[in-house]
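> My questions all concern the structure below.
The values are calculated or read from the model by the stated rules, or taken from the named source; none is laboratory data. This one's a predicted model, so the numbers in the text were calculated from it and none came from an experiment. Counting neighbours? That spans all protein chains shown, and the Cβs are built from the backbone with ideal geometry, glycine included.
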Number of protein chains: 2
Amino acid sequence: MSDNEINIGLIGFGTIGAGVVEIFNKNQDIVNQKCEKQVNLKKVADLDITTDRGVKIDPEILTTDVNDILENDDIDIVIELMGGYEPARTFILKAFDNKKHVISANKALIAKHWEELISTADKNNVKFSFEASVGGGIPVLQTLNENLAANRIEAVYGIMNGTANYILTKMSEDGSQFADVLTEAQEKGYAEADPTFDIEGHDTAQKLIVLTKLGFGEYVEQSKFHVEGISNITPEDIEFAKNELNYAIKLLGIAKQSNGGLEIRVHPTFIPKSHLLASVDDVFNAIYIQGDFVGPVMLYGQGAGRMATASAVVGDCIDLILNKNKKISYGPNISQVEKIKKISEVSSKYYISLKALDRPGVLETITGILNKNGISIESIAQKTNSETQAVPIIIVSHETKEENMQQAIAKINDLTDVKEKIRLIRILEE
Amino acid sequence: MSDNEINIGLIGFGTIGAGVVEIFNKNQDIVNQKCEKQVNLKKVADLDITTDRGVKIDPEILTTDVNDILENDDIDIVIELMGGYEPARTFILKAFDNKKHVISANKALIAKHWEELISTADKNNVKFSFEASVGGGIPVLQTLNENLAANRIEAVYGIMNGTANYILTKMSEDGSQFADVLTEAQEKGYAEADPTFDIEGHDTAQKLIVLTKLGFGEYVEQSKFHVEGISNITPEDIEFAKNELNYAIKLLGIAKQSNGGLEIRVHPTFIPKSHLLASVDDVFNAIYIQGDFVGPVMLYGQGAGRMATASAVVGDCIDLILNKNKKISYGPNISQVEKIKKISEVSSKYYISLKALDRPGVLETITGILNKNGISIESIAQKTNSETQAVPIIIVSHETKEENMQQAIAKINDLTDVKEKIRLIRILEE
């Protein structure tokens, strides 16, 4: 980097890329003042450089040739905002090899190719910053990495996907069905045409991989942990839990140390209303971190979106410029994790709901199965009485091992009087 | 600093100082790994080195002579945790002059002697870090300074005093009187024997001064803004606002840009329950930041206490060690503030409550006065009817200028039928 001037190349002129351009348009003075340098957005590469993105941009800096950035000796910092695995991976590796620092919001790529990306950056003595990849504008990576550096991290968990949170919030407010809210969210632009990635928990899982590495020093690939989405959640369960149990429902990514092992999992979760996460609604995200000294810290904000994500990208950029000699740490150097627990080894409270014929002895049989599997019951509710139709039965368990619960569920589902298989939702304890 | 070893001197072996010692006892391995250096707590100075602080410490490192730290060439970083203005100020300035970096949690000192402290550190080319001074373990200063560096900050406000928040939470839950809850809080150790500093808003004001400098680049001394505590808050007002208006009460520090000026003020505030700050209870703190790109970000955690504050202090320490060439920025170099608004120029919604004789025409007179002062009423409630006793009247205004409200209040208080003067509580709008 020169002493008075820094040149940035941006790859990917999509939604967030346009947000970055807008920050440079509006807050160039702030950026320059902070950096005490002239910071130039020198080149913007995209295959499509003709569509209007709604932001002012000098056509001279647009290029369809990514090598105008990657092979340009004047460029100090590359911002990768194209998303996806390839060619993003190849471009970033090439940028590192050409001694350029890289900023990216590409959680999918980072979660999958962590080792290769970090080691290539290290080898070339350049930096890789990706605050925007988790929690959009929320400063969660820096908090984990720097502010809480004196702590042993005990847990990191939270709401990391705005689309899923929007859908669950609306289902909870209106009692609507999942499919209806999804359609509405798609119409409003809060959900993608193919929403799988968001609603089935993959996006949350990728963010959780990054948080787990930074919090515990352990890289866990996605195939190694339980990831469950929200598409099977019913308004009936939400309503019962809200009104009778005082719970809110959220899609959580959870990583926590417990009895000699790391739990890592993504699933819809009932949260007591008294927990601050229960009040995080709509497209907002929030992440809880528990450190051995700091106690609980929660960070809340917009987890996605053009402006918030671009804010984190340019924040990384200023940080890189100000701290060219700064050592970047990517979590504890030595893993703090003894073993990764399987989901069957995790303990939790459970909410289970099913429908069964209201015959004498049915409830007794069900509670008997739970009891035999070592599961004690906190509360049980049978909603209406009907001798001809199956009626809803809802059970909340005390803390129990997932393995025991799954064994009990298999047996209960096999009962002839059970007409609708069990839906299970884990409960976050405070 | 040497390449392999860093020596730290701690001045002040009180509550937080003992917390710092405990972090080094328990997490020395983490600190060393992060820093890739041996980090030694080399000396601890206090006038009292005999009282047991409940933490293990090598008696060899204890000293009653502060110059064993300040004049010790082996010490790289000084942590000042004695509190108060003097001799803390003199010690810190001497540490700077002796080319030592300083970490402090001393918000009173920092808020009062900002200019002198920062300029002395700069002159000596050393760093001054004070994350722990605002929000304890909450990473608010780094967030403002670094993560949100690409933003123009629009507002910073929040709950910054745990004692006051504990008292207001209990008053709200139990309907208790302020004085009773204060006594209980003192018994539990949540409030000092002399609680003035916390309950009258001075502590919040000092933190707000630091946030205002870092957020807006403007240093505002405490005598220049409105600071109002919670000792006049009544359970009746809290209860009415909670049940009838769906508001929670919090002591807020508020700094925000509005129409060409900066509002800066500390006062009890009604907050709509739908706002996340309304759910921040007990001794917890939370700070909202609004940036032009990032939107709202909220940071929540323990704002005080031995462990959380020590976590921030050692976090600063690791940051200093890792980033010895890092440029520390203390907010925007150029003030973003055109003028400081007087409280009379601020606009807000207001809750006012009074007691008046229920005579014909009284309400009409009161609403007439409000109207004449350009204040429009959102709601009005007269709680019980009695011809002999004064009855409570509660009015919520639409947004209006403080000056107009104060003029109206003076006139209403002068009415002969008004038997208990107006209590005014400002309302935070979303």
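> Any idea which of B:316, B:281 is outside any loop (DSSP other than H, G, I, E, B), in contact (Cβ under 8 Å) with a residue 12 or more places away in the chain and of a type in the set (Asp, Glu)? Steps first, please.
Details: B:281 fails: outside any loop (DSSP other than H, G, I, E, B).
Of B:316, B:281, the one residue that is outside any loop (DSSP other than H, G, I, E, B), in contact (Cβ under 8 Å) with a residue 12 or more places away in the chain and of a type in the set (Asp, Glu) is B:316.
> State whether one or more residues within the stretch B:268-276 are more than 14 Å from every other protein chain (Cβ to nearest Cβ), in contact (Cβ under 8 Å) with a residue 40 or more places away in the chain and within 21 Å of residue B:222 (Cα to Cα).
Here is the first cut: in the stretch B:268-276, the residues more than 14 Å from every other protein chain (Cβ to nearest Cβ) are B:268-270.
Still in the list and also in contact (Cβ under 8 Å) with a residue 40 or more places away in the chain: B:268-270.
From what's left, within 21 Å of residue B:222 (Cα to Cα): B:268-269.
The answer is yes; a qualifying residue exists.
> Further, regarding this structure: What number of residues within the stretch B:178-225 are assigned to a helix (DSSP H, G or I), within 18 Å of the chain's Cα centre (by Cα) and not polar (S, T, N, Q)? Outline the logic, then answer.
Within the stretch B:178-225, the first condition is being assigned to a helix (DSSP H, G or I), and the residues that meet it are B:178-188, B:196-199, B:202-216, B:222-224.
Those still in the list that are within 18 Å of the chain's Cα centre (by Cα) too: B:196-199, B:202-216, B:222-224.
Next, only the ones that are not polar (S, T, N, Q) stay: B:197-199, B:202-203, B:205, B:207-211, B:213-216, B:224.
Of the residues in the stretch B:178-225, 16 are assigned to a helix (DSSP H, G or I), within 18 Å of the chain's Cα centre (by Cα) and not polar (S, T, N, Q).
> Residues being more than 17 Å from the chain's Cα centre (by Cα) and either assigned to a loop (DSSP other than H, G, I, E, B) or assigned by TED's automatic domain parsing to the domain that holds residue B:55 (or both): count how many of those fall in the stretch B:284-305.
Qualifying residue count for the region: 3.
Rundown of residues vs (1) in contact (Cβ under 8 Å) with a residue 12 or more places away in the chain; (2) closer than 30 Å to residue B:310 by Cβ; (3) surrounded by 22 or more Cβ atoms within 10 Å (Cβ to Cβ), yes/no style:
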position: A:150; (1), (2), (3): yes, yes, yes
position: A:163; (1), (2), (3): yes, no, yes
position: A:181; (1), (2), (3): yes, no, yes
position: A:187; (1), (2), (3): no, no, no
position: A:217; (1), (2), (3): yes, yes, no
position: A:220; (1), (2), (3): yes, no, no
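> Counting only residues that are modelled with pLDDT of 85 or more and facing chain A (nearest Cβ under 7 Å), which one in the stretch B:318-332 is surrounded by the fewest Cβ atoms within 10 Å (Cβ to Cβ)? Please lay out each step first, then the result.
Residues of the stretch B:318-332 that are modelled with pLDDT of 85 or more, as a first pass: B:318-322, B:330-332.
Next, from what is left, pick out any that are facing chain A (nearest Cβ under 7 Å): B:318-319, B:322, B:332.
On the way: B:318: 24, B:319: 23, B:322: 19, B:332: 22.
Checking each candidate, the answer is B:322.
> Still on this structure, please answer the following. Among A:311, A:344, which is the only one that is of a type in the set (Ser, Thr, Tyr), more than 26 Å from residue A:235 (Cβ to Cβ) and over 21 Å from the mean Cα position of the chain (by Cα)? Outline the logic, then answer.
Working: A:311 fails: over 21 Å from the mean Cα position of the chain (by Cα).
Selected residue: A:344, the only one of A:311, A:344 that is of a type in the set (Ser, Thr, Tyr), more than 26 Å from residue A:235 (Cβ to Cβ) and over 21 Å from the mean Cα position of the chain (by Cα).
> Right, here's the next one. For residue B:315, indicate whether it is crowded, with 20+ Cβ neighbours inside 10 Å, within 30 Å of residue B:403 (Cα to Cα) and at the interface with chain A (Cβ under 7 Å from one of its Cβ atoms). Working first, answer last.
Working: crowded, with 20+ Cβ neighbours inside 10 Å: yes; within 30 Å of residue B:403 (Cα to Cα): no; at the interface with chain A (Cβ under 7 Å from one of its Cβ atoms): yes.
Against the criterion (crowded, with 20+ Cβ neighbours inside 10 Å, within 30 Å of residue B:403 (Cα to Cα) and at the interface with chain A (Cβ under 7 Å from one of its Cβ atoms)), residue B:315 does not qualify.
> Residues in the stretch B:398-415 that are free of Cβ contacts under 8 Å to residues at least 12 places away in the same chain and either in contact with a Phe, Trp or Tyr (Cβ under 6 Å, 6 or more places away or on another chain) or buried (at least 19 other Cβ atoms within 10 Å of the Cβ) (or both): how many?
Matching residues across the stretch B:398-415 total 0.
> Sort through A:8, A:30 and tell me the only one that's at pLDDT 95 or above, crowded, with 17+ Cβ neighbours inside 10 Å and not in a loop (DSSP other than H, G, I, E, B).
Values: A:30 fails: at pLDDT 95 or above.
The unique qualifying residue is A:8.
> Please verify whether the stretch B:286-294 includes one or more residues that are at the interface with another protein chain (Cβ under 8 Å from one of its Cβ atoms) and surrounded by fewer than 20 Cβ atoms within 10 Å (Cβ to Cβ).
yes
> Read through the list (1) of a type outside the set (A, V, I, L, M); (2) closer than 30 Å to residue B:260 by Cβ; (3) more than 14 Å from chain A (Cβ to nearest Cβ); (4) in a helix (DSSP H, G or I), then give the number of the only condition that residue B:143 fails.
Residue B:143 satisfies every listed condition except (3).
> Right, something else. Counting only residues that are touching a Pro at 6+ places or on another chain (Cβ under 6 Å) and more than 10 Å from chain B (Cβ to nearest Cβ), which one in the stretch A:146-175 is nearest to residue B:318 (Cα to Cα)? Give the steps one after another, and end with the answer.
Our first condition is that a residue be touching a Pro at 6+ places or on another chain (Cβ under 6 Å); within the stretch A:146-175, this holds for A:147, A:171, A:175.
Narrowing the set further to residues that are more than 10 Å from chain B (Cβ to nearest Cβ) leaves A:171, A:175.
Details: A:171: 45, A:175: 49 Å.
Ranking the qualifying residues of the stretch A:146-175, first place goes to A:171.
> Name every residue in the stretch A:26-45 that is within 26 Å of residue A:73 (Cβ to Cβ) and within 14 Å of another protein chain (Cβ to nearest Cβ), in order of residue number.
Initially, the stretch A:26-45 is screened for residues within 26 Å of residue A:73 (Cβ to Cβ), giving A:28, A:31-32, A:34-45.
Passing the criteria: A:28, A:31, A:32, A:34, A:35, A:36, A:37, A:39, A:41.
> In the stretch B:82-98, is there at least one residue being in contact (Cβ under 8 Å) with a residue 60 or more places away in the chain, over 31 Å from the mean Cα position of the chain (by Cα) and surrounded by fewer than 23 Cβ atoms within 10 Å (Cβ to Cβ)?
No; the residues of the stretch B:82-98 include none that is in contact (Cβ under 8 Å) with a residue 60 or more places away in the chain, over 31 Å from the mean Cα position of the chain (by Cα) and surrounded by fewer than 23 Cβ atoms within 10 Å (Cβ to Cβ).
> Checking residue B:74 against (1) modelled with pLDDT of 95 or more; (2) under 21 Å from residue B:335 (Cβ atoms); (3) over 14 Å from the mean Cα position of the chain (by Cα), only one condition comes out false. Which one?
(2)
> Among the numbered conditions (1) more than 15 Å from residue A:142 (Cα to Cα); (2) crowded, with 18+ Cβ neighbours inside 10 Å; (3) small (Gly, Ala, Ser); (4) more than 7 Å from chain B (Cβ to nearest Cβ), tell me where residue A:361 comes up short.
Only one criterion in (1) more than 15 Å from residue A:142 (Cα to Cα); (2) crowded, with 18+ Cβ neighbours inside 10 Å; (3) small (Gly, Ala, Ser); (4) more than 7 Å from chain B (Cβ to nearest Cβ) is unmet by residue A:361, namely (2).
> Something else: For residue B:109, indicate whether it is surrounded by fewer than 23 Cβ atoms within 10 Å (Cβ to Cβ), modelled with pLDDT of 95 or more and of a type outside the set (Phe, Trp, Tyr). I'd like the intermediate steps shown before the answer.
Working: surrounded by fewer than 23 Cβ atoms within 10 Å (Cβ to Cβ): no; modelled with pLDDT of 95 or more: yes; of a type outside the set (Phe, Trp, Tyr): yes.
Answer is no for this residue.
So that you can scan it fast, the table gives a plain yes or no per residue for (1) more than 14 Å from chain A (Cβ to nearest Cβ); (2) more than 24 Å from residue B:122 (Cα to Cα):
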| residue | (1), (2) |
| --- | --- |
| B:11 | yes, no |
| B:24 | no, yes |
| B:49 | yes, yes |
| B:52 | yes, yes |
| B:85 | yes, no |
| B:93 | yes, no |
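> Looking at B:204, B:212 in this structure, which one is crowded, with 23+ Cβ neighbours inside 10 Å, closer than 27 Å to residue B:292 by Cβ, touching an Asp or Glu at 6+ places or on another chain (Cβ under 7 Å) and more than 13 Å from chain A (Cβ to nearest Cβ)?
Within the list B:204, B:212, the selection yields B:212.
> Among the listed residues A:380, A:366, which satisfies the condition of being surrounded by 14 or more Cβ atoms within 10 Å (Cβ to Cβ) and part of a helix (DSSP H, G or I)?
Values: A:380 fails: part of a helix (DSSP H, G or I).
The match here is A:366.
> Same structure again: Restricting to the stretch A:33-81, give me the number of residues that are free of Cβ contacts under 8 Å to residues at least 40 places away in the same chain, among the polar types (S, T, N, Q) and surrounded by 15 or more Cβ atoms within 10 Å (Cβ to Cβ).
Adding up the residues that qualify gives 3.
> For residue A:228, which of the numbered conditions (1) surrounded by fewer than 23 Cβ atoms within 10 Å (Cβ to Cβ); (2) more than 17 Å from the chain's Cα centre (by Cα); (3) under 29 Å from residue A:379 (Cα atoms) fails to hold?
For residue A:228, the exception is condition (2).
> Here is a further query. Within the stretch B:145-157, can one find any residue that is of a type in the set (Phe, Trp, Tyr), in the same structural domain as residue B:218 (by TED's automatic domain parsing) and over 24 Å from residue B:322 (Cα atoms)?
If we filter the stretch B:145-157 for residues that are of a type in the set (Phe, Trp, Tyr), which is where we start, we get B:157.
The next check asks that each one be in the same structural domain as residue B:218 (by TED's automatic domain parsing); those that pass are B:157.
Keeping just the survivors that are over 24 Å from residue B:322 (Cα atoms) gives B:157.
Yes.
> Confirm whether residue A:102 is within 20 Å of residue B:140 (Cα to Cα) and more than 12 Å from chain B (Cβ to nearest Cβ). It would help to see each step written out before you state the result.
On the way: within 20 Å of residue B:140 (Cα to Cα): no; more than 12 Å from chain B (Cβ to nearest Cβ): yes.
Against the criterion (within 20 Å of residue B:140 (Cα to Cα) and more than 12 Å from chain B (Cβ to nearest Cβ)), residue A:102 does not qualify.
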